[in-house]
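**Q** One structure, as structure tokens, below. Some questions next.
The values are calculated or read from the model by the stated rules, or taken from the named source; none is laboratory data. Just so you know, these numbers come straight off a predicted model, no measurement behind them. With ideal geometry, Cβ positions are generated from the backbone for all residues, glycine too; neighbour counts draw on all protein chains shown.
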Amino acid sequence: MNTRRYSLIDRLLIEADKALTTSLAEAPPAQRANPGGGEPEPELDDASRRHAAGLMRINHAGEVCAQALYRGQAAVAREAATRASLLQAAVEEGDHLAWCAERLGELDSRPSLLNPVWYAGSYAIGVAAGLYGDGYNLGFVVETERQVEAHLGEHLDTLPDGDARSRAIVRQMQQDEAEHGQAAQEAGARPLPEPIPTLMTLASKLMKAVAYRF
């Protein structure tokens, strides 16, 4: 069976299409059922609804970043197994993107207006991380998932008490992030040297502060 070999132009067009559809188009249907689908829609006052929407907008923007990071890392991964695991993780993270988009709609809100910026910056960071070799490439996944898991925990602490739908989504996302980080660790991740983890934390804080409102 023949396998098509893509030219550089083909690959660039594929990545450009993925960037546009991820950051601007409606999220494709999730492969798994929405974890919050069985929970009742809460009665939230305006302030609580805006706060829940702000947190879910951060989570949606984070998933846009995750798609870009994984695809950027996969684009320069040296081993086929590493590339395949990164792309599979991106597919699984696609469920998170769809769940967050659905919840934002339920909260009468929208995704971040800066999603194309988040995607472009994250893709560049993913490529840069991947160029240091698969060990550090996987180490970047471990650190990313560790930080995401932590901020999802913060969201669970601050989401409105009655918003069980958002909480169910965030809890499942947190569990999935931990599993992705563990898989990368077992695949041979190398610890990232400072100041990379610190810079990642600062970049994450900036994204969260902006995406909460815009």
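**Q** Would you mind finding the one in A101, A124 that is in a helix (DSSP H, G or I), modelled with pLDDT of 95 or more and not acidic (D, E)? Write out each step before concluding.
**A** Working: A124 fails: modelled with pLDDT of 95 or more.
Testing whether each residue is in a helix (DSSP H, G or I), modelled with pLDDT of 95 or more and not acidic (D, E) leaves just A101.
**Q** Could you figure out which of (1) over 21 Å from M207 (Cα atoms); (2) at pLDDT 90 or above isn't true of L8?
**A** That leaves (2) as the condition not met.
**Q** Residues in the stretch 146-165: is at least one small (G, A, S), touching a Pro at 6+ places or on another chain (Cβ under 9 Å) and closer than 16 Å to L69 by Cα?
**A** Of the residues in the stretch 146-165, the ones small (G, A, S) are 150, 153, 162, 164.
Next, from what is left, pick out any that are touching a Pro at 6+ places or on another chain (Cβ under 9 Å): 162, 164.
The next check asks that each one be closer than 16 Å to L69 by Cα; those that pass are none.
No, the stretch 146-165 contains no residue that is small (G, A, S), touching a Pro at 6+ places or on another chain (Cβ under 9 Å) and closer than 16 Å to L69 by Cα.
**Q** I want to confirm something. Restricting to the stretch 126-141 and keeping residues that are among the hydrophobic types (A, V, I, L, M, F, W, C) and crowded, with 20+ Cβ neighbours inside 10 Å, which single residue is nearest to the chain's Cα centre (by Cα)?
**A** Quick first cut of the stretch 126-141, residues among the hydrophobic types (A, V, I, L, M, F, W, C) only: 127-129, 131, 138, 140-141.
Next, only the ones that are crowded, with 20+ Cβ neighbours inside 10 Å stay: 129, 138, 140-141.
On the way: A129: 16, L138: 16, F140: 13, V141: 11 Å.
Out of the qualifying residues, it is V141.
**Q** Got a sec? Which of I9, I14 is farther than 30 Å from A189 by Cβ, assigned to a helix (DSSP H, G or I) and more than 18 Å from the chain's Cα centre (by Cα)? Give the derivation first.
**A** Values: I14 fails: farther than 30 Å from A189 by Cβ.
Criteria check complete, one pass: I9.
**Q** Still on this structure: Could you pull out the residue among Q172, Q182 that is part of a helix (DSSP H, G or I) and at pLDDT below 95?
**A** On the way: Q172 fails: at pLDDT below 95.
Answer to the selection: Q182.
**Q** Among the residues of the stretch 34-49, is any farther than 23 Å from R146 by Cα, touching a His at 6+ places or on another chain (Cβ under 9 Å) and of a type in the set (G, A, S)?
**A** no
**Q** A follow-up question, please. Scan the stretch 170-197 and report the pairs whose first residue is under 18 Å from R32 (Cα atoms) and whose second residue is surrounded by fewer than 17 Cβ atoms within 10 Å (Cβ to Cβ) and of a type in the set (A, V, I, L, M), with Cβ atoms within less than 8 Å and a gap of 6+ or a chain change.
**A** Partner pairs satisfying both residue conditions: V170/L156; R171/L156; Q174/L156.
**Q** Being in contact with an Asp or Glu (Cβ under 9 Å, 6 or more places away or on another chain) and either without any contact (Cβ under 8 Å) to a residue 12 or more places away in the chain or buried (at least 19 other Cβ atoms within 10 Å of the Cβ) (or both) is the filter here; which residues of the stretch 148-160 pass it?
**A** Across the stretch 148-160, the qualifying residues are V148, L152.
**Q** Among the numbered criteria (1) surrounded by 24 or more Cβ atoms within 10 Å (Cβ to Cβ); (2) over 16 Å from G105 (Cα atoms); (3) at pLDDT 90 or above, which single criterion is violated by L86?
**A** Exception for L86: condition (3).
**Q** Return yes when E79 is among the charged types (D, E, K, R), closer than 21 Å to A164 by Cβ and in contact (Cβ under 8 Å) with a residue 12 or more places away in the chain and no when it is not.
**A** When the stated conditions are applied, E79 does not pass them.
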